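The values are calculated or read from the model by the stated rules, or taken from the named source; none is laboratory data. This structure is a prediction, so every number in the text was calculated from the model and none was measured. Cβ atoms come from the backbone with ideal geometry, glycine included; neighbour counts cover every protein chain shown. Surface areas here come from the heavy atoms of the whole protein model, side chains and all, with no ligands, DNA or RNA. Shrake-Rupley method; radii C 1.70, N 1.55, O 1.52, S 1.80 Å.
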Amino acid sequence: MNRAINFSAGPGVLPLEVLKKAQEEMIDYRGAGMSVMEMSHRSKEYEAIIGGAEQNLRKLMNIPQNYKVLFLQGGASLQFAMVPLNLFSAAKKADYISTGAWAKKAISEAKRYGTVKVIASSEDKNFNYIPKISQAMLSRDADYVHITTNNTIYGTCFSELPDTGKIPLVADMSSNILSQEYDVSKFGLIYAGAQKNMGPSGVTVVIVRDDLIGHALDITPTMLDYKIHAGEGSMYNTPPCYAIYIAGLVFEWLLEKGGIKAMEKENRLKAAILYDFLDQSKLFKGTVELQSRSLMNIPFVTGNEELDNKFISEASKKGLKTLKGHRSVGGMRASIYNAMPKEGVETLVTFMREFEKVNG
Ligand SMILES: Cc1ncc(COP(=O)(O)O)c(C=O)c1O
């Protein structure tokens, strides 16, 4: 077996233990005589899988009882529309914070259904920081305030959540869910595509406070109404069965690792290894302002495109894969999700040190 050290931004690396377990259970799931892909979603076996996944996610994130957990399809991108369709319940107004390409997509989608005010943006510096938010910036009659907790492309993360008072805070947490502790009760709604920290693509987790369900705009298609999915336990139609099963294995793995507190500690250690190296390097430099640095996605550049390409190509030959940065930032990006072991980051830094010696 030859596993790469995979720095992909998403779909990203999954824990080897999870993949092995899935392999073991692939053809005959725990004596059912069939794979999870082949069994009815109404079967007892599958009910235990989806129920167990929900319970373990609740345990991991300490999700209060007055929140529903939904396993949906359509990726985080569909939530860009579902959030306004379901939450534009009073003034049909929302405040958005523009911290990158995904936030901008969320903004343009919400504009189709109501009034959107961009109350802060970091576009002036190519999104390399998180703007400061104060209560005075918020619209009093907003139905919700939307943030992207972690910006996958630019490598920024809110170090402090905006205090939105009684206005529900909605978060796209696609690239840092389960990587650090969050108090779910501070949010009205959290959504995240699974393919970075939870499992394969195909399932999107939505965690939504009860009182925000049931007020969808009349034009909302049945399949896009949280009330329908909440009422049917995410089984209004056939759910993404296999993706939920793998996410469930990832949740079990996280619990075995000591939960989110332990994972956050490890993630801080891992990120510090790379940031500490970048801060003293004469060749490589990070692109993000200190206070806004992400623990999950770390972009860096040499300032010379040719050298960047040489680095990416030589790194790949050493088994350090998918380090090319997003085209809007250039250079490199190391995505170091929960399943990336500390040794993977250490190997990267060792290689960067060697590369600097030869090319610096
Ligand atoms: C922060 C963020 N939001 C949204 C998306 C879009 O997710 P999906 O491909 O699941 O629609 C991504 C994908 O990388 C992302 O990183």
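Worth pointing out:
- Taking the conditions (1) more than 22 Å from the chain's Cα centre (by Cα); (2) within 12 Å of the ligand (Cβ to nearest atom) in turn, LEU217 satisfies each one other than (2).
- On inspection, LYS117 fails the criterion of being within 16 Å of the ligand (Cβ to nearest atom), in contact with a Ser or Thr (Cβ under 7 Å, 6 or more places away or on another chain), modelled with pLDDT of 95 or more and not in a loop (DSSP other than H, G, I, E, B).
- Close pairs from the range 319-345: first without any contact (Cβ under 8 Å) to a residue 24 or more places away in the chain, partner open to solvent by 20 Å² or more (accessible area, probe 1.4 Å), Cβ under 7 Å, at least 6 apart: LYS324/ILE312
- Among (1) farther than 24 Å from THR238 by Cβ; (2) open to solvent by less than 50 Å² (accessible area, probe 1.4 Å); (3) of a type in the set (Lys, Arg), the one test that ARG58 misses: (1)
- Residue in the range 10-22 that is outside the structural domain of TYR242 (by TED's automatic domain parsing), within 16 Å of the ligand (Cβ to nearest atom) and of a type in the set (Gly, Ala, Ser) present: yes
- Of everything listed in (1) away from the ligand (no atom under 16 Å from the Cβ); (2) over 17 Å from the mean Cα position of the chain (by Cα), the single unmet condition for LEU224 is (1).
This table checks each residue for (1) within 16 Å of the ligand (Cβ to nearest atom); (2) closer than 26 Å to GLN195 by Cα; (3) surrounded by fewer than 20 Cβ atoms within 10 Å (Cβ to Cβ).
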{"residue": "GLY74", "(1), (2), (3)": "yes, yes, yes"}
{"residue": "LEU87", "(1), (2), (3)": "no, yes, no"}
{"residue": "THR148", "(1), (2), (3)": "yes, yes, no"}
{"residue": "THR156", "(1), (2), (3)": "yes, yes, no"}
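- Scanning the range 96-132 for residues that are in contact with a Lys or Arg (Cβ under 9 Å, 6 or more places away or on another chain), under 19 Å from ASN150 (Cβ atoms) and of a type in the set (D, E, K, R) yields one hit, GLU123.
- Counted as qualifying within the range 1-108 are the helices (runs of 4 or more DSSP H) with 3 or more residues that are under 30 Å from LYS125 (Cα atoms), namely 75-87.
- Failed item, numbered, when GLU181 is tested on (1) over 28 Å from LEU249 (Cβ atoms); (2) open to solvent by 20 Å² or more (accessible area, probe 1.4 Å); (3) not polar (S, T, N, Q): (1)
- Qualifying residue in the range 272-291 (condition: buried (at least 22 other Cβ atoms within 10 Å of the Cβ), in contact with a helix residue (DSSP H, G or I) (Cβ under 8 Å, 6 or more places away or on another chain) and outside any helix (DSSP H, G or I)): yes
- Annotation: of all residues in the range 209-222 being surrounded by fewer than 16 Cβ atoms within 10 Å (Cβ to Cβ) and out of contact with any Leu (no Cβ under 9 Å at 6 or more places or on another chain), the one that is nearest to LEU85 (Cα to Cα) is ASP218.
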